[in-house]
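We did not get these values from a lab; they are worked out from the coordinates using the rules stated. What you are looking at is a predicted structure, and each value in this text was computed from that prediction instead of being measured. A quick note on method: Cβ atoms are made from the backbone with ideal geometry, for glycine too, and the neighbour counts reach across all protein chains shown.
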Amino acid sequence: MIDLCSVRKLQNAIKELETTLKKDTGLSLNDAMCLCSISRGIREPGLLARELDLSPSRLSRILDSLETRNLVTRSLSDKDRRSISVQLTSYGDALIIQYRCAQEAVPDILSFEALSKLGKF
């Protein structure tokens, strides 16, 4: 059974993590998760939206923002010219490396051990 009182602590920990991420990299949590998914090879917008559990219109706004900041580019897919493919720019790739290697402290409540105490995750 999940301790419902702990849900608020989780929300606050995620907010704190996003605030730190935003301060250090300029990325929101959705921006960062999108860049990570692209770096793992998910390059089709429809698949990205499903992977991130975002509506296509929300993902489109995120991609617009990332493209404006020169973190991603969109182009016609090599496999199907009717489809769009999203790629990291060299700047986006460098940013991925920077925050994957950063020593950002993940709040203790977001550790696997803490989450497993809340219920089955």
In nm, give the distance between the simple-model label positions of residue 99 and residue 57, each being 7 Å from the Cα along the Cα-to-Cβ direction. 2.5
If R₀ is 30 angstrom, what is the calculated FRET efficiency for the pair residue 83 and residue 11, using the beta carbon separation as r and rounding to 0.05? 0.25
